[in-house]
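Below is one structure, written out as structure tokens; the observations come after it.
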Amino acid sequence: MNTTFLKACRGEPTDYTPVWMMRQAGRYLPEYHTVRSRYSFLDMCKTPEAATEVTLQPVDLIGVDAAILFSDILVVPEAMGAALEFVENRGPVLPEPVRDQAGVDRLIVPDPEDKLGYVMAAIRMLRRELVNKVPLIGFAGAPFTNATYMIEGGSSKNFFLTKKMMYTEPDLYGRLMDKITETTILYLKAQAEAGAQALQIFDSWAGALAPCDYAEFALPYVKRIIAALKEGGVEVPLIYFANNGATLLDQCRTVGADVLGLDWRINLDDAARIVGPGIALQGNLDPCALLLPAEKMEPRVARILEQGKAAHGHIFNLGHGILPEIPPEQAKLMVEMVHRLSRKN
Ligand code: CP3
């Protein structure tokens, strides 16, 4: 088993810098489309054999040092009772958005084995397939990010309805966040018990918040999740990724995570200075930089590796998900570059 990724998460020395890519199981791979042509996106998430197959693709085809479970953050709102559809070329739609007390009351805190058993089944299947390969990362959305989808009814530009609830009905917002938080604790714990070897919490829209609002309306719930997992005996590394969160890093460092994910808007050495000792960093190549020709990509990869030395541990990644337009050969080139440039003989 290649444990480079797990060692870097814990800040232990490694022979080279491990690398994986957010959204690595996805649409830039022709092999993904082959599987996807047989299922809808959600059915694929709910069919452990299909989820397992596409999770393994980037491990075998691109050579990454970790697998991330193929699923979606929005299976959690769905399991809580919020209807979910993925509309082709439009993304997620939640046709019954949660905007009042009755909406919050209707939501349940589900038993993960009951409502999300297909995720645990995929994790168990993947661990069997990944023996002697790489570790498996499980994940969930952060409560704020999931709440935006539940309140807005889908993706959003300015998060007007979410902020409206935060500002005008803070108690209602708090009750919704409490339910999502409780669900997420049980869900991530179940993933670790099923065999996930690291857990990442995606806070994709944290960067939409002013620092004071992040402190009041988002961070405390992530803190609660991480504390509950650690107190509940979950020992796998916990990664927190607040997208567009460079201005929130001084707060993120207090969240309790072993690793903080970073987007490309900050240099890793600057981030390491803000974060301080004891926390590993993950990131942070601009996903579009995968379009660069090799001779221009290499200095950027080298710079990130150099800056990453300032951290307590560095896992190379993109600053956000890989884009469907990226040629797989370019992703492979980047992974090989990270390995070659960081290898200590
Ligand atoms: O990283 C991986 O490879 C694992 C799989 C994964 C997916 N979604 C598969 C997916 C993960 C970790 C996610 C997380 C996710 N989902 C996030 C957080 C990460 C981020 O990107 O910020 C968010 C915000 C979502 C919600 C979501 N899912 C949106 C907005 C969309 C549509 C827009 C888009 O980028 O496609 C999805 C669909 C989705 N999730 C696809 C995949 C492979 C595309 C579905 C398809 O095949 O049509």
Does region 70-79 contain at least one residue that is in contact with a Pro (Cβ under 7 Å, 6 or more places away or on another chain) and surrounded by 15 or more Cβ atoms within 10 Å (Cβ to Cβ)? yes
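To keep it simple, each residue is scored yes or no on (1) within 16 Å of the ligand (Cβ to nearest atom); (2) out of contact with any Ser or Thr (no Cβ under 7 Å at 6 or more places or on another chain).
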| residue | (1), (2) |
| --- | --- |
| ARG175 | no, yes |
| TYR187 | yes, yes |
| ARG224 | no, no |
| GLY233 | no, yes |
| ILE239 | yes, yes |
| ASN267 | no, yes |
Within region 90-108, can one find any residue that is modelled with pLDDT under 95 and in a loop (DSSP other than H, G, I, E, B)? yes
Inspect region 149-156 for any residue being in contact (Cβ under 8 Å) with a residue 40 or more places away in the chain, of a type in the set (D, E, K, R) and under 29 Å from ALA194 (Cβ atoms) and give the result as yes or no. no
For ILE315, are the conditions met, namely being outside any helix (DSSP H, G or I), crowded, with 18+ Cβ neighbours inside 10 Å and touching a strand residue (DSSP E or B) at 6+ places or on another chain (Cβ under 8 Å)? yes
Scan region 6-25 residue by residue and report those that are surrounded by fewer than 20 Cβ atoms within 10 Å (Cβ to Cβ) and near the ligand (Cβ under 9 Å from one of its atoms). ARG23
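Residue-wise test of (1) closer than 29 Å to LYS7 by Cα; (2) within 16 Å of the ligand (Cβ to nearest atom); (3) of a type outside the set (A, V, I, L, M).
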residue	(1), (2), (3)
ASP105	no, no, yes
ASN132	yes, no, yes
PHE139	yes, yes, yes
PHE144	no, yes, yes
GLY154	no, yes, yes
PHE202	yes, yes, yes
In region 54-83, what residues are within 13 Å of the ligand (Cβ to nearest atom) and either closer than 17 Å to MET125 by Cα or touching a His at 6+ places or on another chain (Cβ under 8 Å) (or both)? VAL54, THR55, LEU56, GLN57, PRO58, VAL59, ALA66, ALA67, ILE68, LEU69, PHE70, SER71
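The values are calculated or read from the model by the stated rules, or taken from the named source; none is laboratory data. For clarity, every value in this text was computed on a predicted model and none was experimentally measured. Positions of Cβ are backbone-derived with ideal geometry, glycine not excepted, and every protein chain shown enters the neighbour counts.
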